[in-house]
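Q: Structure provided below as structure tokens; questions to follow.
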Amino acid sequence: MSPMRLLVLGAIRQHGRAHGYQVRNDLEFWGAHEWSNAKPGSIYHALKQMAKQGLLIAHDVAPSSVGGPPRTEYELTERGEEEYFTLLREALTAWDQKIDVLSAGVGFIVDLPRDEAIALLKRRVEALEGWRRTVTEYYTPGEGPERLGHIGEIMNLWVCTADAGAQWTRGLIERLENGAYVMAGEGEPPCTVLPDGVENPYAADRAESPAEPPAGAPAETP
């Protein structure tokens with residue numbers, strides 16, 4: 001699973017309606033361009049693809065008051081809302097995804113009710129523990145990896161990764177159980193998106209980047 005769809009859907013959902021530049025601005029504000037493939041071409045490509053797939057509605061709007069070309073604003077459809085939560089739940093439960101997918105899931109975890117988020121994370125711990133048991137059928141950590149030669153180092157890496165992942169997840173579960181963060185249905189969530197027109201202090205270099213890619217320009221594949 002690529003985190004791109006989850007990130008883009010989540011960003012648009014927080015605005016209600018958003019154009020590509022706003023989505024890019026938000027992802028850079030969150031630092032997603034540093035830990036994922038959330039690059040400009042990938043963002044615009046994902047927007048167009050998901051609009052074709054019926055996950056987004058594309059609205060053509062007039063140019064902004066400060067000038068520039070007409071923009072397309074996107075809004076989640078009912079299918080897009082369902083896809084967003086499917087991807088979010090998958091990101092929080094899967095043990096074998098890359099760190100960018102888990103990071104995206106944690107970034108939107110407050111969109112879930114507290115009890116559901118805790119239950120999903122507990123499933124993640126169970127999956128990690130199951131993976132660890134599978135590895136230790138062939139490798140006993142206490143005996144050291146050398147017994148299996150250098151291949152034992154791979155199994156030792158897997159065990160350490162499972163242990164670290166489970167420990168981190170249990171810590172997040174404990175914080176949620178103790179009332180950390182404002183979850184869905186508990187009140188007004190914190191605003192984590194930039195209002196349109198507000199300068200992003202974490203933006204990547206945009207000296208040669210237009211607000212929208214020119215027509216016919218090649219797009220990166222997410």
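Q: Which condition from (1) under 23 Å from S2 (Cα atoms); (2) surrounded by fewer than 16 Cβ atoms within 10 Å (Cβ to Cβ); (3) outside the structural domain of A11 (by TED's automatic domain parsing) is the one that T136 breaks?
A: The number of the failed condition is (1).
Q: Would you call L128 in the same structural domain as A164 (by TED's automatic domain parsing) and surrounded by 20 or more Cβ atoms within 10 Å (Cβ to Cβ)? Break it down stepwise before answering.
A: Details: in the same structural domain as A164 (by TED's automatic domain parsing): yes; surrounded by 20 or more Cβ atoms within 10 Å (Cβ to Cβ): yes.
So L128 fits the description; yes.
Q: Let me ask something additional. Being modelled with pLDDT of 90 or more and of a type in the set (V, I, T) is the filter; apply it to the stretch 139-167 and report the residue that is surrounded by the fewest Cβ atoms within 10 Å (Cβ to Cβ).
A: I154
Q: Quick check: anything in the stretch 146-159 in contact (Cβ under 8 Å) with a residue 40 or more places away in the chain and within 30 Å of R89 (Cβ to Cβ)? Lay out the reasoning, then the answer.
A: Start the filter on the stretch 146-159 by keeping residues that are in contact (Cβ under 8 Å) with a residue 40 or more places away in the chain, which leaves none.
No, the stretch 146-159 contains no residue that is in contact (Cβ under 8 Å) with a residue 40 or more places away in the chain and within 30 Å of R89 (Cβ to Cβ).
The values are calculated or read from the model by the stated rules, or taken from the named source; none is laboratory data. Bear in mind that the values here come from a model prediction, so they are computed numbers and not experimental data. Reconstructed Cβ throughout: ideal geometry from the backbone, glycine too, with neighbour counts over all protein chains shown.
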